[in-house]
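The structure under discussion appears below in the form of structure tokens.
The values are calculated or read from the model by the stated rules, or taken from the named source; none is laboratory data. The structure displayed is predicted, hence computed values, not measured ones. Note that we place each Cβ from the backbone using ideal geometry, even for glycine, and neighbour counts take in every protein chain shown.
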Amino acid sequence: MNLHFIINPAAKNGKSLKIWKRIEQKLIERKIRYRSYFTQKRGDGKKLARKIVKGRESFSYIIAVGGDGTIHEVLNGISPFDRGIVGYIPAGSGNDFSRGYYIPNDPDQALEYVLALIGDEPILVDVGKFQGVGENNGYFINNFGCGFDAKIAVSANESKLKPFLNRFGLGKFVYVYFLIKELFRHRPMTINLDIDERREVFERAWFLTVSNQPYYGGGMKISPGSHPIDGQLEVIVVHGISKLKILMLFMTVFWGKHIYMKEVKILQGKRIRIRTDLPSLLHADGEYAGVGNVDIEIVPRALSLLTRCPLTDQNLPAMNESER
Ligand SMILES: Nc1ncnc2c1ncn2[C@@H]1O[C@H](COP(=O)(O)OP(=O)(O)OP(=O)(O)O)[C@@H](O)[C@H]1O
């Protein structure tokens, strides 16, 4: 078995390493042959994944052990996705990937899940591809955002407060801190959005999120109608909203109820062009992805993933027909 684990030992403020030690013990006990690699800094996950698949004729199983940033890097390392089958053991502070892709959130259960799926036909899931200004391009698996939410995500990820709060299991509160902080500083923008053949202009837009699965920011159900195998991306635009209502939005978003607010617009499509009047910060899966304009498209059924993700989800909330 061509099995590789890429571990971010710094995820979840170092708790990821403890999780890995437990996983490793289980692999040894079961006499499973594998290779392990540790990231030392941002970007290593991508380089390691690229090295694993480079020059190989056959598929390699690459299991990411860490948070959403780690799976994001592995995804980008194995593009164009013709040599790698990806698995995931959640060991980060947010773990939105496991939520959205039907992977157990408990690392021990996730290991059993992954091992049980090795050898089966992997499920092919959609990924998003983005092209920003210059070198800012790549793929995302969860979501891509611009504006207010990108500022929160990037500030939270780069903040020293996150490791501090993680020590007490309160990592999620770093998002609340930056939410409040940015609330008073953020300047809404005008977004010109082309989505497939449709054109929309949003004045006083706070943020725009493109989703491939429902969750982001550590369990916020930002796009309840997203499903990773439907060949579509959902665009959520929050515009013309008061600061008080923004706060309400970030409370209701955990249950996905924000979609009923009149300031929240949901659209669906395959090709998305975003142009803003102010330079806006971008994130891909919560990682910094540049500043400014960006073009996005879906790459349907691109990534081989060890998951039991259902091919359709009967429980998705119905979307207004005109918005499809
Ligand atoms: N050894 C390392 N030391 C510091 N940072 C690292 C290291 N390896 C990877 N990174 C970077 O750490 C960042 C966060 O990693 P990751 O997302 O996996 O964990 P997390 O932040 O705990 O989880 P989540 O994103 O789910 O909240 C990523 O940008 C990643 O590139």
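Within the stretch 148-182, can you find the residues that are at pLDDT 90 or above and farther than 29 Å from PHE81 by Cβ? Outline the logic, then answer.
Taking the stretch 148-182 first, the residues at pLDDT 90 or above are 148, 150-151.
Across the stretch 148-182, the qualifying residues are PHE148, LYS151.
Taking the stretch 89-132 as the range and being surrounded by fewer than 17 Cβ atoms within 10 Å (Cβ to Cβ) and in a helix (DSSP H, G or I) as the test, the residues that pass are ASP108, GLN109, GLU112, ALA116. How about the stretch 55-65: which of its residues are in contact (Cβ under 8 Å) with a residue 24 or more places away in the chain, of a type outside the set (Gly, Ala, Ser) and not in a strand (DSSP E or B)? Within the stretch 55-65, ARG56, PHE59 meet the criteria. The residues listed here are ASN157, ASN143; of these, the one that is under 23 Å from LEU247 (Cβ atoms), surrounded by 22 or more Cβ atoms within 10 Å (Cβ to Cβ) and in the same structural domain as ILE272 (by TED's automatic domain parsing) is ASN143.
Selection over the stretch 241-262 of residues that are of a type in the set (A, V, I, L, M, F, W, C) and crowded, with 17+ Cβ neighbours inside 10 Å gives a count of 6. Note on the stretch 153-265: enclosed strands (runs of 3 or more DSSP E) holding 2 or more residues that are closer than 25 Å to ARG301 by Cα and hydroxyl-bearing (Ser, Thr, Tyr) are 198-211. From the list GLY84, GLY77, GLY134, exactly one residue is within 18 Å of ILE6 (Cβ to Cβ) and either touching a Lys or Arg at 6+ places or on another chain (Cβ under 7 Å) or outside the structural domain of LEU27 (by TED's automatic domain parsing) (or both). Which is it? That would be GLY77, the only listed residue that is within 18 Å of ILE6 (Cβ to Cβ) and either touching a Lys or Arg at 6+ places or on another chain (Cβ under 7 Å) or outside the structural domain of LEU27 (by TED's automatic domain parsing) (or both).
Only one of the numbered conditions (1) touching a strand residue (DSSP E or B) at 6+ places or on another chain (Cβ under 9 Å); (2) assigned by TED's automatic domain parsing to the domain that holds VAL237; (3) of a type in the set (A, V, I, L, M) is violated by LEU179, and that is (1).
Taking the options ILE85, ILE63, ILE123, name whichever one is modelled with pLDDT under 95, under 14 Å from THR307 (Cα atoms) and touching a strand residue (DSSP E or B) at 6+ places or on another chain (Cβ under 7 Å).
ILE123
LEU17 falls short on exactly one of the conditions (1) hydrophobic (A, V, I, L, M, F, W, C); (2) surrounded by fewer than 24 Cβ atoms within 10 Å (Cβ to Cβ); (3) away from the ligand (no atom under 11 Å from the Cβ), and that condition is (3).
Restricting the search to the stretch 276-308, which residues are touching a Gly at 6+ places or on another chain (Cβ under 9 Å) and basic (Lys, Arg)? Scanning the stretch 276-308 gives a single hit, ARG301. Please enumerate the residues belonging to the stretch 48-80 that are surrounded by fewer than 15 Cβ atoms within 10 Å (Cβ to Cβ) and either within 12 Å of the ligand (Cβ to nearest atom) or among the polar types (S, T, N, Q) (or both). SER58 - this is the single residue of the stretch 48-80 that is surrounded by fewer than 15 Cβ atoms within 10 Å (Cβ to Cβ) and either within 12 Å of the ligand (Cβ to nearest atom) or among the polar types (S, T, N, Q) (or both).
The number of residues in the stretch 29-42 that are within 16 Å of the ligand (Cβ to nearest atom), closer than 20 Å to ARG83 by Cα and in a loop (DSSP other than H, G, I, E, B) comes to 0.
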